[in-house]
Amino acid sequence: MILSGEEISKRRGSDIVIDPFDPGQLNPNSYNLTLHDELLMYEEVVLDMRHPSRVRRISIPPEGLVLQPQQLYLGRTRERTETHNLVPMIEGRSSVGRLGLFVHVTAGFGDVGFCGFWTLEMFAVQPVRVYAGVPICQIFYHEIAGEIREYASEKYQHNWDIQPSLLFKELNPQAARDAQMQLPFGGQAGEET
């Protein structure tokens, strides 16, 4: 069962945290999340799942930024969310999809207990200009049956920035240790520091 907008509002502060929250972004059965003002692009020609990948950070200027086809851009929501006793999911807004912009390539499914910003895997069918602060996707909530074990990943839980793939931490633990030792102040592997 999906929560109504009214139920999302009622459960704020207990099962649902959306920060910042704007009542004008509440829909009949979802809440619009907005695009932060930075994106990441991978610098590698071939992405290797077993190794961290270098990324480049791009700011979205006030006049917007044109996303090019055949290029993956990683963004994030401006809103930090926290969800308990429910399963959060995000979907691109239909108005954005009608411009040929995929907001999440495959990762719209969240886990009960997830706390942090949502990383967006953005891919454009044709050149499209995006703007910081635009309502880019919507979050909605499913009720869950059965005993709940909350999400507790060391990879993405409680993130504060755009998260490139950290799959290498599962597939190649030594590469994860090496990457962590090379980063000053405990930064995330694959991020510019």
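A short reminder: the numbers here are calculations on the coordinates, not readings from a lab. Not measured: the values here are computed from a predicted model. Note that we place each Cβ from the backbone using ideal geometry, even for glycine, and neighbour counts take in every protein chain shown.
The length gained on full extension between Ser14 and Glu44, counted as 0.36 nm times the residue separation minus their Cα-Cα distance, comes to 6.6 nm. For the chain, the equivalent ellipsoid derived from the alpha-carbon gyration tensor has semi-axes of 27, 23, 14 Å in decreasing order.
Using a Förster distance of 35 angstrom, determine the FRET efficiency expected from the C-beta separation of His84 and Glu63, and round it to 0.05. Working from the Cβ atoms, E equals 0.30. Rank Pro61, Gly75, Asn32 by how far each Cα sits towards the positive end of the charge dipole of the chain (+1 on Lys, Arg Cβ; -1 on Asp, Glu Cβ) and give me just the farthest. Farthest along the dipole direction, towards plus: Pro61. Measuring r between the beta carbons of Val105 and Asp22 and using R0 = 30 Å, the FRET efficiency lands at 0.65. How far apart, in nm, are the 7 Å Cα→Cβ label points at Glu7 and Gln70? Distance between label points: 4.5 nm.
What do you get for GluC sites (Glu not before Pro) in segment 1-106 restricted to DSSP loop and a cutoff of at most 15 other Cβ within 10 Å of the site's Cβ?
Listed in order of number, the matching sites are Glu43, Glu44, Glu63.
Between Gly113, Ile148, Asn172, the Cα set farthest toward the positive side of the dipole of the chain (charges on each charged residue's Cβ, about the Cα centre) is that of Asn172.
Placing unit charges on C-beta atoms (Lys and Arg positive, Asp and Glu negative, everything else neutral), compute the dipole magnitude of the chain about its Cα centre in debye, rounded to 20.
On the way: 17 positive and 25 negative charges, 58 e Å.
Here the size comes out at about 280 debye.
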